[in-house]
Amino acid sequence: MRLFAYLDDMYIVCSRDASMAILCALEEALDATGLKLNPGKTELWCPSGVAAIPSVLPGKRCATLAVLGAALKTAGDSEEAPVAAHGSGKALHEATQRLSAFWAKLQPLLKAGLKEQKTAALLRTYAGASSQHALRLERATEEHTDAYDKQLLTCWRELLDRPLEEDSLERLGLPLKLGGLGLQLAKTRRNAAPWSSWAATLEGVARDLGEEVLDNLLAALPHLTTELEELRAGLRSQGAEVPPEATLGAALKKAGKQKSLVNDIQRKNRRTVMASLDVDGRAEFRTAAGPGAGAFLCYPVDPECELEGPLWATSARRRLGLDHPEAAAGELGRLATTCTNKGEAGRTCGVLLDRKGRHAAACPCGGGRLTKHGRTARAVAGLARRWYDLEPGLEQRIPELDRQRADGSVEYARLDLAVPLLSGRQLIDVTIRQGAAGSAAARLKASKKDGLPSRRAEREKHARYPTDQLVAFAVEGCGRLGGEARAWLKAGAHSQLGDIQVSELTRAHRVVSAAVQGETARVLRAAAGLR
């Protein structure tokens with residue numbers, strides 16, 4: 001017999017040979033604590049079915065029973081049944097099997113035309129919820145945790161069509177806002193999930209049992225105390241902020257929320273990733289963090305957010321830091337070693353291509369930079385059109401911002417957009433800045449702090465166009481939005497009706513991300529001779 005206590009509910013799950021003796025023993029135990037079973041609110045469930053429940057037991061017969069939001073398995077259930085009630089430590093193992101089965105079901109959909117971008121979003125959503133139930137239900141072994149994450153790595157290896165080593169899990173498991181791909185790894189939450197489950201329930205149980213001090217209850221439960229101490233030690237080794245000297249009860253109260261614990265662990269993991277990169281690698285990696293940076297990885301809500309398979313995969317591989325991100329496994333053998341872009345005079349660029357695609361992303365030949373800039377400007381214009389029901393002016397010359405060069409010639413002020421709002425005209429100039437570009441000093445600075453390329457771009461734009469009407473819409477190479485770009489998107493979304501403001505801002509991030517990442521992937525592939 002197992003007893004589950006969760007918030008205001010108590011679940012009593014008995015084996016199929018449950019008898020009156022078990023019920024009597026249970027009632028005696030409850031009487032000793034001052035608790036009573038209420039037959040009117042008692043639900044009876046048996047893995048063998050309703051017919052197997054003894055008729056003498058009081059309460060409502062139920063065909064299904066949910067614990068922590070998931071239905072328990074019964075005899076004959078398929079492999080997709082969420083969790084088992086046996087408590088044998090196999091919950092995460094079963095979740096791994098279901099993840100494998102889910103991936104197998106996605107394969108024919110991919111072949112039938114489901115885009116990789118949508119497949120990845122579905123896989124990421126499913127995998128997070130699937131392991132979460134298992135990790136909260138019972139403490140998982142390290143073996144089962146590793147097996148689940150390896151299965152997840154296998155899915156993404158096939159999706160990205162490239163070999164992935166286990167060290168790729170660190171970047172795969174970082175949230176989008178920290179520059180990763182947003183996978184919810186089991187190893188990250190192995191200790192945090194059960195710790196937070198106990199933190200959410202134990203204090204209420206202690207009060208119901210007449211104990212005002214949680215540590216007094218824990219003193220009577222040595223096995224649970226040992227488990228919690230092991231979980232606390234595990235969390236600390238992962239980098240979570242759990243008080244080491246405080247009593248267990250105080251630690252559960254102070255550091256009991258899973259989100260906070262996981263955030264601590266992920267920040268430590270990001271520092272570990274940073275330490276493994278060189279200066280240029282860190283500078284580029286930082287451009288993948290922040291609001292909206294990884295929005296192209298989310299499910300596309302309309303065609304403007306969609307990316308074709310090769311472009312999406314290139315962008316995801318680049319974000320993951322893979323060598324030659326522009327190529328799938330079958331394309332690696334036919335990559336050009338020098339840039340194939342041609343300039344205006346028809347001369348091939350010919351610069352030796354680096355493994356990370358940094359030259360290709362910023363190559364001035366071939367028109368890729370102009371194409372990338374133009375698509376991003378059109379994406380911003382589409383948002384202005386959608387939100388303000390007006391037609392923004394594209395490629396606008398602003399005579400009052402012209403300036404004279406040292407040789408006496410005039411440098412015309414041409415800005416990407418002019419948006420004639422009732423509150424005043426907005427002049428929007430789009431720029432896309434790479435982190436690992438420019439002088440050695442600039443790259444070193446960009447490697448030490450998030451957001452430096454976009455802030456530098458904003459300063460340069462305002463120095464060139466000294467007007468309070470200017471919005472310097474800066475986007476960093478791997479997607480990080482500059483401060484003025486974020487503010488403009490937020491203001492536009494908030495100009496809509498209250499019930500759609502969040503969805504409008506979400507869509508806007510995905511539209512801009514798809515524009516920048518799609519065109520960047522296109523120029524990476526073109527420079528390497530891929531079409």
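The values are calculated or read from the model by the stated rules, or taken from the named source; none is laboratory data. Note that this is a predicted model, so its numbers are computed, not measured. Virtual Cβ from ideal backbone geometry, glycine too; neighbours counted across all protein chains shown. Side chains are part of the model used for accessible areas, which takes the heavy atoms of the whole protein and leaves out ligands, DNA and RNA. Shrake-Rupley method; radii C 1.70, N 1.55, O 1.52, S 1.80 Å.
Among the residues of the range 60-78, just one is modelled with pLDDT of 65 or more and in contact with a Gly (Cβ under 8 Å, 6 or more places away or on another chain), namely ALA63.
The listed residues are GLY477, GLY438, GLY451, and the only one of them that is open to solvent by less than 30 Å² (accessible area, probe 1.4 Å) and on the phi > 0 side of the Ramachandran plot turns out to be GLY451.
Tell me, yes or no, whether the range 161-170 has at least one residue that is in a helix (DSSP H, G or I), touching a residue at least 24 places away in the same chain (Cβ under 8 Å) and open to solvent by less than 20 Å² (accessible area, probe 1.4 Å). Checking the range 161-170: at least one residue is in a helix (DSSP H, G or I), touching a residue at least 24 places away in the same chain (Cβ under 8 Å) and open to solvent by less than 20 Å² (accessible area, probe 1.4 Å). The requirement of being closer than 17 Å to ASP416 by Cβ, crowded, with 22+ Cβ neighbours inside 10 Å and in contact with a Cys (Cβ under 7 Å, 6 or more places away or on another chain) is satisfied by VAL511.
Taken together, the criteria place THR506 among residues that are open to solvent by 40 Å² or more (accessible area, probe 1.4 Å) and not aliphatic (A, V, I, L, M). Here ARG282 passes the criteria (1) under 15 Å from ALA527 (Cα atoms); (2) open to solvent by 10 Å² or more (accessible area, probe 1.4 Å); (3) in contact with a helix residue (DSSP H, G or I) (Cβ under 6 Å, 6 or more places away or on another chain) except the one numbered (1). Contact annotation: residue pairs with Cβ atoms under 6 Å, 6 or more positions apart or on different chains, pairing a residue in the range 432-459 that is of a type in the set (Ser, Thr, Tyr) with a partner that is outside any helix (DSSP H, G or I), are SER454/ALA474; SER454/GLU476; SER454/GLY482. Checked against (1) out of contact with any strand residue (DSSP E or B) (no Cβ under 9 Å at 6 or more places or on another chain); (2) surrounded by 15 or more Cβ atoms within 10 Å (Cβ to Cβ); (3) under 30 Å from LEU322 (Cα atoms), ALA206 passes all but a single condition, namely (3). Applying the criterion of being assigned to a loop (DSSP other than H, G, I, E, B), touching a helix residue (DSSP H, G or I) at 6+ places or on another chain (Cβ under 6 Å) and open to solvent by less than 10 Å² (accessible area, probe 1.4 Å) to the residues of the range 286-299, the residue that is farthest from GLN517 (Cα to Cα) is ALA289.
Output the residues belonging to the range 417-435 that are open to solvent by less than 10 Å² (accessible area, probe 1.4 Å) and either of a type in the set (A, V, I, L, M, F, W, C) or modelled with pLDDT of 95 or more (or both). Once the filter is applied, which keeps residues that are open to solvent by less than 10 Å² (accessible area, probe 1.4 Å) and either of a type in the set (A, V, I, L, M, F, W, C) or modelled with pLDDT of 95 or more (or both), the range 417-435 yields LEU417, VAL419, LEU427, ILE428, ASP429, VAL430. For the range 306-337, a residue qualifies if it is in a helix (DSSP H, G or I), in contact with a His (Cβ under 9 Å, 6 or more places away or on another chain) and open to solvent by less than 50 Å² (accessible area, probe 1.4 Å), and the qualifying residues are ARG317, GLU331.
Can you tell which of ALA442, ALA437 is of a type outside the set (Lys, Arg), within 32 Å of the chain's Cα centre (by Cα) and not in a helix (DSSP H, G or I)? Can you show your working first?
On the way: ALA442 fails: not in a helix (DSSP H, G or I).
Exactly one residue qualifies, and that residue is ALA437.
Against the condition touching a residue at least 12 places away in the same chain (Cβ under 8 Å), within 21 Å of ALA295 (Cβ to Cβ), open to solvent by 30 Å² or more (accessible area, probe 1.4 Å) and part of a helix (DSSP H, G or I), how does GLU519 come out, does it pass? Spell out how you get there, then give the answer.
On the way: touching a residue at least 12 places away in the same chain (Cβ under 8 Å): yes; within 21 Å of ALA295 (Cβ to Cβ): yes; open to solvent by 30 Å² or more (accessible area, probe 1.4 Å): no; part of a helix (DSSP H, G or I): yes.
In short, no.
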